[in-house]
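The values are calculated or read from the model by the stated rules, or taken from the named source; none is laboratory data. A quick note: this is a predicted structure, and the numbers were derived from the prediction, not measured. No Cβ is skipped: glycine too gets one built from the backbone with ideal geometry, and neighbour counts run over all protein chains shown. Accessible surface is based on the protein model in full, side chains and every heavy atom, while ligands, DNA and RNA are left aside. Shrake-Rupley method; radii C 1.70, N 1.55, O 1.52, S 1.80 Å.
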Amino acid sequence: MDINPLANPKGVKLLCELCQIPAFVQCKFCNVTYYCSIEHQKADWIGIHEKICDKLAFLRQTIPFLPSREEREKRMKQISIKKIELIEMTRTLAQKMLFEGKHEESVPAAMQSLRYAIDVYGVATIELVPSYLILGEASIGLGKLSQAEEYLAKADWTVLKTPDCSRAIKSKLYRNLGLLNAAKGEFQDALTCFADDIYHASEEFGTDDIRTAGGYFHMANVFFRQGKMDVADSLYRQVIDIWHEHLGDVIRARIPSEEEEALNKTRVLGPVKGMFEDISSGMDEAQEAEAVQILNSIHDIREHQTNRRPEDLAQTCHALAMLYFVFHDIKKAKEYGRKAIVASDEVKDDDFSKSLVEFMKLCEKQGAQI
């Protein structure tokens with residue numbers, strides 16, 4: 001990572017990428033991004049700039065003279081498409097970092113998404129809300145609750161004045177408002193917001209969708225903090241059921257049949273490398289990070305519960321094993337698979353035990369191909 005000190009040309013105002021005050025440092029690679037200090041340059045590089053440096057070089061370069069209207073329109077269309085791609089990419093990365101607990105590192109990516117969303121869609125449009133929500137959640141994680149309230153107030157107002165706002169966005173808004181109220185210790189208000197989150201997510205995606213499960217999880221956390229373990233446990237159980245079913249469906253949909261496996265072995269050029277290589281989670285990076293956060297959090301709670309139900313720990317371990325299987329982390333998949341088998345020794349469920357045995361066989365097959 002190299003930087004170039006700047007002596008700004010007379011009449012040219014170069015502003016810091018992070019704080020918008022006068023800049024004196026330039027990124028050597030793209031030559032179009034500036035910073036007020038080396039510290040801000042490093043923070044932006046870690047947060048997002050390393051991943052989008054080349055994209056910014058294209059978007060911020062001086063547009064060359066194009067003689068025909070057709071060429072100019074084609075160029076503008078290319079730029080617009082690149083900006084929209086950048087918005088989606090930076091939002092996904094920022095959300096991923098939030099799920100990983102990297103609240104400060106997520107801010108530069110979220111700011112980039114907001115900056116280009118304003119550029120593409122305008123200053124008071126519903127397309128800005130996802131970026132406001134990410135910035136609000138980052139502020140909550142950093143303990144900057146007043147700043148979080150400002151971002152969420154902007155999001156709330158935009159949603160209120162947009163009659164056709166999707167339930168997906170409303171779900172995310174109420175989830176963030178719930179997180180804010182929980183951080184302030186206002187648990188009843190938090191529960192109300194999470195209930196609204198679950199309602200809108202259920203209407204949009206269904207009650208048993210992984211995008212609805214996050215609302216159940218955060219509601220369970222509130223009851224957990226209040227010491228109401230019976231209610232918390234039932235909600236955690238529902239979250240695990242949803243993820244367990246989803247991951248099971250992902251794996252089952254991608255496992256070759258006996259006929260396909262036999263055909264694969266008789267190919268002229270020999271077996272195709274990595275019979276299970278096409279098994280993917282079916283989720284974006286942010287959803288994958290959310291799965292890791294939620295399932296590991298519930299697993300930690302289950303492991304430390306003295307009065308837990310054996311089947312709760314067994315199913316949680318099985319869900320984690322399947323998650324790491326679709327991530328192609330066979331070592332961890334086997335580790336949690338073995339934990340699930342140990343926990344299931346106390347569970348009188350032959351179907352569950354059989355599914356675990358079959359899963360461990362899959363792990364062995366996958367491990368043999370790596």
Item to check | Test result for GLU71, out of contact with any Cys (no Cβ under 6 Å at 6 or more places or on another chain) and surrounded by fewer than 16 Cβ atoms within 10 Å (Cβ to Cβ) | outcome: yes
Next on the checklist: For a quick check of your reading: which helices (runs of 4 or more DSSP H) sit entirely within the range 115-200 and have at least 3 residues that are in contact with an Asp or Glu (Cβ under 6 Å, 6 or more places away or on another chain) and surrounded by 18 or more Cβ atoms within 10 Å (Cβ to Cβ)?
Outcome noted: 167-183
Item to check | Sole residue being β-branched (Val, Ile, Thr), over 25 Å from GLU137 (Cβ atoms) and crowded, with 18+ Cβ neighbours inside 10 Å, chosen from VAL239, VAL250 | outcome: VAL250
Item to check | Residue in the range 323-341 that is nearest to GLN293 (Cα to Cα), counting only those that are among the charged types (D, E, K, R) and open to solvent by less than 70 Å² (accessible area, probe 1.4 Å) | outcome: ASP329
Checklist entry - Is the range 203-219 home to any residue that is in contact with a Ser or Thr (Cβ under 6 Å, 6 or more places away or on another chain) and over 14 Å from ILE140 (Cβ atoms)? => result yes
Checklist entry - Regarding GLN78, is this residue buried (at least 21 other Cβ atoms within 10 Å of the Cβ), over 20 Å from LEU177 (Cβ atoms) and over 16 Å from the mean Cα position of the chain (by Cα)? => result no
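Answer yes or no as to whether GLY178 is modelled with pLDDT of 95 or more and on the phi > 0 side of the Ramachandran plot. Reasoning before the result, please.
Working: modelled with pLDDT of 95 or more: yes; on the phi > 0 side of the Ramachandran plot: no.
It is false that GLY178 is modelled with pLDDT of 95 or more and on the phi > 0 side of the Ramachandran plot.
Only residues that are in contact with a helix residue (DSSP H, G or I) (Cβ under 8 Å, 6 or more places away or on another chain) and among the polar types (S, T, N, Q): list them for the range 176-191, please. Reasoning before the result, please.
From the range 176-191, those in contact with a helix residue (DSSP H, G or I) (Cβ under 8 Å, 6 or more places away or on another chain) are 176-184, 187, 189-191; that's our starting set.
ASN176, ASN181, listed by residue number.
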Checklist outcome for this item: Listed by range, helices (runs of 4 or more DSSP H) wholly within the range 241-356 having at least 2 residues that are modelled with pLDDT under 90 and closer than 24 Å to TYR216 by Cβ are 330-344
Checklist entry - Within the range 85-114, can you find the residues that are among the small types (Gly, Ala, Ser) and either in contact with a Lys or Arg (Cβ under 6 Å, 6 or more places away or on another chain) or open to solvent by 20 Å² or more (accessible area, probe 1.4 Å) (or both)? => result GLY101, SER113
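Working only within the range 290-322, note down all residues that are of a type in the set (D, E, K, R) and crowded, with 19+ Cβ neighbours inside 10 Å. Give the steps one after another, and end with the answer.
Filtering the range 290-322 down to residues of a type in the set (D, E, K, R) leaves 290, 300, 302-303, 308-309, 311-312.
Within the range 290-322, GLU290, ARG302, ASP312 qualify.
Out of the residues in the range 201-220 that are more than 19 Å from GLN95 (Cβ to Cβ) and assigned to a loop (DSSP other than H, G, I, E, B), state the one that is least open to solvent (accessible area, probe 1.4 Å).
So in the range 201-220, the residues more than 19 Å from GLN95 (Cβ to Cβ) come out as 202-203, 206-208, 219-220.
Cutting the leftovers down to assigned to a loop (DSSP other than H, G, I, E, B) gives us 206-208.
On the way: GLY206: 22, THR207: 74, ASP208: 113 Å².
Only one residue fits best here, namely GLY206.
To keep it simple, each residue is scored yes or no on (1) open to solvent by 50 Å² or more (accessible area, probe 1.4 Å); (2) basic (Lys, Arg); (3) assigned to a helix (DSSP H, G or I); (4) at pLDDT 90 or above.
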{"position": "PRO9", "(1), (2), (3), (4)": "yes, no, no, no"}
{"position": "GLU17", "(1), (2), (3), (4)": "no, no, no, no"}
{"position": "ILE48", "(1), (2), (3), (4)": "no, no, yes, no"}
{"position": "ASP54", "(1), (2), (3), (4)": "yes, no, yes, no"}
{"position": "PHE58", "(1), (2), (3), (4)": "yes, no, yes, no"}
{"position": "LYS83", "(1), (2), (3), (4)": "no, yes, yes, yes"}
Item to check | Near pairs, Cβ below 7 angstrom, 6+ apart or cross-chain, from the range 205-218 (among the polar types (S, T, N, Q)) to any residue that is not in a helix (DSSP H, G or I) | outcome: THR212/GLY206
Item to check | Hey, PHE223 more than 19 Å from GLN287 (Cα to Cα) and either modelled with pLDDT of 95 or more or outside any helix (DSSP H, G or I) (or both) or not | outcome: yes
